[in-house]
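Have a look at the structure below, then the notes.
The values are calculated or read from the model by the stated rules, or taken from the named source; none is laboratory data. All values derive from a computational prediction rather than experimental measurement. We place every Cβ from the backbone using ideal geometry, glycine too, and count neighbours over all the protein chains shown.
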Amino acid sequence: MSRPPLEGPVAVLGFGNQGEAQALNLRDSGCDVLVGARSGGGGESRALAHGFPVSPIAEATSRARVVAVLLPDEVVPSLWDELRAAAKVGAAFVFAHGFNLLYGALRLPERSDVILVSPTGPGRILRERYRAGFGLPAYLAVAQDATGNAWGLAERYAAALGSARARLWRTTVREETEVDLFGEQAVLCGGMNALVTTAFEVLVAAGYSPEIAYLECVHQLKYLADLLHERGVAGLRRDISGTALFGDLTRGPRVVGAPARAEMERLLEEIRSGAFAREWLAEVANGRKALDEKVARAARHPIETACAHAVEPEVEQIPSEPSHEWP
């Protein structure tokens, strides 16, 4: 019988999107996995339903050789001293995102390897790719190499997630964190949501049907994004009509032109200087009041009504947990 890729137990702290997927992949790769979750929370019940032993997070930490910290970024600093005190001497810590390693002022245990293994996609996709016999690429970084073997640990952990089936990219905590935040803000979340919402508003203000505006500017985005993902920018352009191609290359730069580039440069500087992190942590300290109000206001936007009318919800909408809720 082959040895498991990691000497266990491995404690997965948090059973949200990434925690659930990583725990399942690790277990299926032969690792001895236990889950740390809040008593009575949704994460605890889901982990138990999957057959994992579940303990409060400090207890799970105390039993582990490897501790995967998969709690929300904003939760970790308030729990870190408890986790650090509970951990076995020499236990390794794994993070899936470098935010707290870069901005959280965490005191790392001197004899612990502390690594970053960051899959390049949501947990749902990480799990789907693993079960299909494939993998999702991952970024690897080392925050602290106490044993001299931290890179090897990062590679073994990533392999247990299935990511070595795809590709492992060595990077630094700073690069992963800054590029990840920039991607979220400029394209994947902030830029994309602002773009489709503004396009929807322009069409509706001009008298077009909200449902047709939604289908054209939001619903169809998935199919073009799939082409972009599979074939790249040039490959996408080979698969669209001549009319669409002409509009792409002559009008696209007018939408995302010099002003947008200047704002992207500004937000990148805010990330690199730590200004964004300070602003976000201040919002968390204030109870997320401004953020929650923005979320509630956005949920009342007419684009949401158009979505409900234009598509079949049970087919098109994928349930997800609010990112600020931790299990």
Identify all residues within the range 90-133 that are of a type in the set (Gly, Ala, Ser), surrounded by 19 or more Cβ atoms within 10 Å (Cβ to Cβ) and part of a loop (DSSP other than H, G, I, E, B); write none if there are none.
Ala91, Ala96, Gly98, Ser112
For Arg272, are the conditions met, namely being surrounded by 13 or more Cβ atoms within 10 Å (Cβ to Cβ) and either part of a helix (DSSP H, G or I) or charged (D, E, K, R) (or both)?
yes
Among the residues of the range 105-154, which ones are touching a Leu at 6+ places or on another chain (Cβ under 7 Å), among the charged types (D, E, K, R) and closer than 19 Å to Gly90 by Cβ?
Asp113
If I filter the range 201-216 for residues that are in contact (Cβ under 8 Å) with a residue 24 or more places away in the chain, in the same structural domain as His301 (by TED's automatic domain parsing) and under 15 Å from Gly252 (Cα atoms), do I get at least one hit?
no
Within the range 229-250, track down each residue that is of a type outside the set (A, V, I, L, M) and closer than 21 Å to Leu188 by Cα.
His229, Glu230, Arg231, Gly232, Gly235, Arg237, Asp248
If we keep only residues of the range 150-198 that are within 12 Å of Ser118 (Cβ to Cβ) and of a type in the set (S, T, N, Q), then the residue nearest to the chain's Cα centre (by Cα) is Thr177
Among the residues in the range 82-100, are any in contact with an Asp or Glu (Cβ under 9 Å, 6 or more places away or on another chain), under 22 Å from Thr147 (Cα atoms), in the same structural domain as Val142 (by TED's automatic domain parsing) and of a type in the set (D, E, K, R)?
no
Among the residues of the range 217-227, is there at least one that is loosely packed, with under 13 Cβ neighbours inside 10 Å and more than 19 Å from Ala306 (Cβ to Cβ)?
yes
The range 19-39, subset among the polar types (S, T, N, Q) and part of a helix (DSSP H, G or I), residue surrounded by the most Cβ atoms within 10 Å (Cβ to Cβ):
Gln22
I'd like the full set of residues that are in contact with a Leu (Cβ under 8 Å, 6 or more places away or on another chain) and outside any helix (DSSP H, G or I), limited to the range 220-239.
Asp239
Go over the candidates Ala68, Ala64, Ala49 one by one and state the one that is surrounded by fewer than 19 Cβ atoms within 10 Å (Cβ to Cβ) and either of a type outside the set (Gly, Ala, Ser) or on the phi < 0 side of the Ramachandran plot (or both).
Ala49
Between Leu245, Leu221, which is of a type in the set (A, V, I, L, M) and either farther than 21 Å from Glu201 by Cα or touching a residue at least 60 places away in the same chain (Cβ under 8 Å) (or both)?
Leu245
Taking the stated definitions as given, is Gly148 surrounded by fewer than 13 Cβ atoms within 10 Å (Cβ to Cβ), assigned by TED's automatic domain parsing to the domain that holds Asn25 and not hydrophobic (A, V, I, L, M, F, W, C)?
yes
If I filter the range 14-33 for residues that are under 21 Å from Asp81 (Cα atoms) and free of Cβ contacts under 8 Å to residues at least 60 places away in the same chain, do I get at least one hit?
no
Can you tell me which residues in the range 72-89 are under 16 Å from Glu59 (Cα atoms) and not in a helix (DSSP H, G or I)?
Ala87, Lys88, Val89
So Gly8 fits all but one of (1) outside any loop (DSSP other than H, G, I, E, B); (2) surrounded by fewer than 24 Cβ atoms within 10 Å (Cβ to Cβ); what number is the exception?
(1)
I'd like the full set of residues that are in a helix (DSSP H, G or I) and of a type in the set (D, E, K, R), limited to the range 40-71.
Glu44, Arg46, Glu59
From the option list Val311, Val255, single residue qualifying as over 30 Å from Tyr103 (Cβ atoms), modelled with pLDDT under 95 and in contact with a helix residue (DSSP H, G or I) (Cβ under 8 Å, 6 or more places away or on another chain) is Val311
By residue number, the members of the range 160-182 that are touching a residue at least 40 places away in the same chain (Cβ under 8 Å) and closer than 16 Å to Arg127 by Cβ are Ala160, Leu161, Gly162, Ser163
In this structure, is Leu181 farther than 30 Å from Leu26 by Cβ, modelled with pLDDT of 95 or more and part of a helix (DSSP H, G or I)?
no
